[in-house]
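Structure, as structure tokens:
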Amino acid sequence: MDNKSNPWRKDFPILDQKVNDEDLVYLDNAATTQKPQAVIDAISDFYSNDNANVHRGVHTLAERSTEEFEAAREKIQKFINAESSEEIIYTKGTTDSLNIVARSYGQSNIEAGDEIVISYLEHHSNLVPWQQLAIQKHATLKYIDLTDDGFVDLKDAKKQITDKTKIVSIAHVSNVMGVENPVKEIAKIAHQHGAIMVVDGAQSVPHMPVDVQDLDCDFLAFSGHKMLGPTGIGVLYGKKDLLNAMPPVDFGGEMINFVHLQDTSWTDLPWKFEAGTPNIAGAIVLGKAIDYLNEIGMDKIQSYESELVDYVLPKILAIPDVTVYGPSDPKKHTSVISFNLNGLHPHDLATGLDMEGVAVRAGHHCAQPLMTYLGLSATARASFYLYNTKEDADKLVDAIIATKEFFKDGTI
Amino acid sequence: MALSKMDNLYRQVILDHSAHPHHHGKLDDSTNEIELKNPTCGDVLQLDVKVDDNKITDIAFSGYGCTISQASASMMTDAVMDKTVDQAEDMVEAFSDMILGEKSNTDILEDSAVLKGVSQFPARIKCATLAWKALHKALNKE
């Protein structure tokens, strides 16, 4: 499919520009996605027409903004098939969501000698909060091994998760290895041992249907900006009885029931976890992004991306001296493709690609323990989304070959 | 051909320094050492400096990084060898000014002046300055 026959690409004005005199090929979607015109307009619409603080005023604007704010929550609830909108907490993003679980559930439930189990491929946001909790509580942080293909290894999960384990937290889709992990199966193992299952959905929720009841996860964290929405808004899903039992982590306005001189009672879910004026526009506009995704259908987005991977992965693998991390079978690989050109540092590669208009990420992808595990300092990463095309894929492959040619005498 | 824009960044002398870095390794008798990381990319630079009587008498670097950071470290070690600490600090400042596109006394930078082209690639400035930052920190270490 070329750029013109992609039905969604025209909705993203930013893509229609030249970078270094070349047509922009945006392949850094795992870092953040671009926004359709409907989302960009929704930000302006809200501030032009409806802006007011939520849950406070009795005036008409306050009523309108509150209604939209809560309607967006219901859209999110349906989008991930949560049982109730009380289970949807607005946060700043995935990192914030995971920190809330660590600071609230973790603080209340982890004791010395307990185990927290994660994997070697976790993003720092699903690693450092648990590591710091473990240090503070004298608990043990354990890592599940990866398979040769780069998946979180179910066999090792069975070994690492024990009756001492209280929390298991795993990335649904890796931001580096291009794998979808068996989180549903890992959740079963966790529950058999009485542990809770936290899923980092930052890279899965934007790209595939995610059903929290089917996964039977206890918490799911994801970000708005990786799914066509604005930055600074994210979601923490949690099972209602767990959230009800958890103490709030931030205190102030919005989250109280009644404040006395010496004590305070908390308000109900979900607002108990939403102290202060929230990111009202962000939440409402995330709802618009979800409308856009729903109109296409998450099944269709997933199959479209997998078609792109079918097309591009063998082409990248066929370039001499290129190493691709994760599965080499396109059927097993998600649309996040990390690679290196042997003999060339990924930063030099990424600068070369940028000169050709191709935007990729180069670095450790906030996964330093994974880089150490793989024996690498960094990789380049191309990540696709619904507005990318086979034409983009061809430009990426051509740009890698051109960069390889530029440095043909080697640099390292 | 868009890649030709990189000619200014990857001059032959830069590629040569990166492929065959000078003063690469470690010193047994260093007086000032530092390990500096570029947290955004994971690059690591270990710098060993020997200062005798306020003069840099030996220097070596190790670690890993991109073409620009390795070449910059190699050229920096060439440039500051046998210089006084004050001269070296002047060079640190001149390099920083040059790379930020400000007015700079590039004459004192010797080969390193060839990295001027990096100023047109803002995303790569940190790669070029890592070695010079390391030198400044090593010389000022308590």
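The table that follows gives values for the structure above.
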read-out: Qualifying positions in segment B:92-142 - among the charged types (D, E, K, R) and under 11 Å from the mean Cα position of the chain (by Cα); value: B:ASP111, B:LYS126, B:LYS133
read-out: Which numbered condition A:THR162 misses (of (1) out of contact with any Gly (no Cβ under 8 Å at 6 or more places or on another chain); (2) of a type outside the set (D, E, K, R); (3) within 22 Å of A:THR94 (Cα to Cα)); value: (3)
read-out: Selection from segment A:61-93 of residues that are open to solvent by less than 50 Å² (accessible area, probe 1.4 Å), out of contact with any helix residue (DSSP H, G or I) (no Cβ under 6 Å at 6 or more places or on another chain) and outside any loop (DSSP other than H, G, I, E, B); value: A:ALA62, A:THR66, A:GLU70, A:ALA71, A:ILE76
read-out: All positions within segment B:53-69 that are more than 14 Å from chain A (Cβ to nearest Cβ) and either modelled with pLDDT under 95 or open to solvent by 10 Å² or more (accessible area, probe 1.4 Å) (or both); value: B:ASP53, B:ASN54, B:LYS55, B:THR57, B:ASP58
read-out: Subset tally (residues that are touching a Ser or Thr at 6+ places or on another chain (Cβ under 9 Å), among the charged types (D, E, K, R) and either exposed (fewer than 13 other Cβ atoms within 10 Å of the Cβ) or closer than 21 Å to B:SER119 by Cα (or both)) for segment B:17-52; value: 3
read-out: Number of the exception - A:VAL58 against (1) without any contact (Cβ under 8 Å) to a residue 60 or more places away in the chain; (2) part of a helix (DSSP H, G or I); (3) aliphatic (A, V, I, L, M); (4) more than 27 Å from A:VAL336 (Cβ to Cβ); value: (2)
read-out: Residue count for segment B:90-134, restricted to those that are at positive phi and not in a helix (DSSP H, G or I); value: 1
read-out: Within segment A:196-250, tally of residues that are in a strand (DSSP E or B) and of a type in the set (S, T, N, Q); value: 1
read-out: All positions within segment A:120-140 that are open to solvent by 40 Å² or more (accessible area, probe 1.4 Å), under 24 Å from the mean Cα position of the chain (by Cα) and without any contact (Cβ under 8 Å) to a residue 40 or more places away in the chain; value: A:VAL128, A:GLN131, A:GLN132
read-out: Failed item in (1) at pLDDT below 95; (2) touching a Lys or Arg at 6+ places or on another chain (Cβ under 9 Å); (3) not aromatic (Phe, Trp, Tyr), with A:LEU261 passing the rest; value: (2)
read-out: Matching entry among B:LEU36, B:LEU45, B:LEU27, B:LEU3 (being modelled with pLDDT of 90 or more and not in a strand (DSSP E or B)); value: B:LEU27
read-out: Segment A:223-275 - residue that is on the phi > 0 side of the Ramachandran plot and out of contact with any Pro (no Cβ under 8 Å at 6 or more places or on another chain) and, of those, surrounded by the most Cβ atoms within 10 Å (Cβ to Cβ); value: A:GLY232
read-out: Filtered residue count, segment B:82-124, keeping only those that are over 25 Å from B:ASN140 (Cα atoms) and aromatic (Phe, Trp, Tyr); value: 1
read-out: Residues satisfying the stated conditions in segment B:3-13, i.e. more than 9 Å from chain A (Cβ to nearest Cβ) and crowded, with 19+ Cβ neighbours inside 10 Å; value: none
read-out: Residue identified as touching a strand residue (DSSP E or B) at 6+ places or on another chain (Cβ under 6 Å) and of a type in the set (Gly, Ala, Ser) among A:GLY194, A:GLY150, A:GLY232, A:GLY178; value: A:GLY178
read-out: Qualifying position, being in contact (Cβ under 8 Å) with a residue 60 or more places away in the chain, within 8 Å of chain B (Cβ to nearest Cβ) and surrounded by 17 or more Cβ atoms within 10 Å (Cβ to Cβ), among A:HIS333, A:HIS345; value: A:HIS345
read-out: Lone qualifier among A:LYS166, A:LYS155 - being part of a strand (DSSP E or B) and over 20 Å from the mean Cα position of the chain (by Cα); value: A:LYS166
read-out: Pick from segment B:79-89, criterion open to solvent by less than 50 Å² (accessible area, probe 1.4 Å) and part of a helix (DSSP H, G or I), ranking: farthest from the other protein chains (Cβ to nearest Cβ); value: B:VAL85
read-out: A:GLY352 within 11 Å of chain B (Cβ to nearest Cβ) and closer than 30 Å to A:LEU293 by Cα; value: no
read-out: Within segment B:6-18, tally of residues that are over 15 Å from the mean Cα position of the chain (by Cα), of a type outside the set (Asp, Glu) and assigned to a helix (DSSP H, G or I); value: 3
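Let's see how each residue does on (1) touching a residue at least 24 places away in the same chain (Cβ under 8 Å); (2) touching a Pro at 6+ places or on another chain (Cβ under 9 Å); (3) of a type in the set (Asp, Glu):
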position	(1), (2), (3)
B:PHE61	yes, yes, no
B:ALA73	yes, yes, no
B:MET76	yes, no, no
B:LYS83	yes, no, no
B:ASN105	no, no, no
B:ARG124	yes, no, no
B:CYS127	yes, no, no
B:LEU139	yes, no, no
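Residue by residue, here is whether (1) in the same structural domain as A:GLY178 (by TED's automatic domain parsing); (2) in contact with a strand residue (DSSP E or B) (Cβ under 6 Å, 6 or more places away or on another chain); (3) assigned to a helix (DSSP H, G or I) holds:
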residue	(1), (2), (3)
A:ASP310	no, no, yes
A:PRO327	no, no, no
A:PRO330	no, no, no
A:PRO369	no, no, yes
A:SER377	no, yes, no
A:TYR385	no, no, no
A:ALA393	no, no, yes
A:LYS404	no, yes, yes
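The values are calculated or read from the model by the stated rules, or taken from the named source; none is laboratory data. Computed from a prediction, not measured in an experiment: that's the story for all the values here. Here the Cβ is made from the backbone with ideal geometry for all residues, glycine too, and neighbour counts use every protein chain on show. Accessible surface areas use protein heavy atoms only, side chains included; no ligands, DNA or RNA. Shrake-Rupley method; radii C 1.70, N 1.55, O 1.52, S 1.80 Å.
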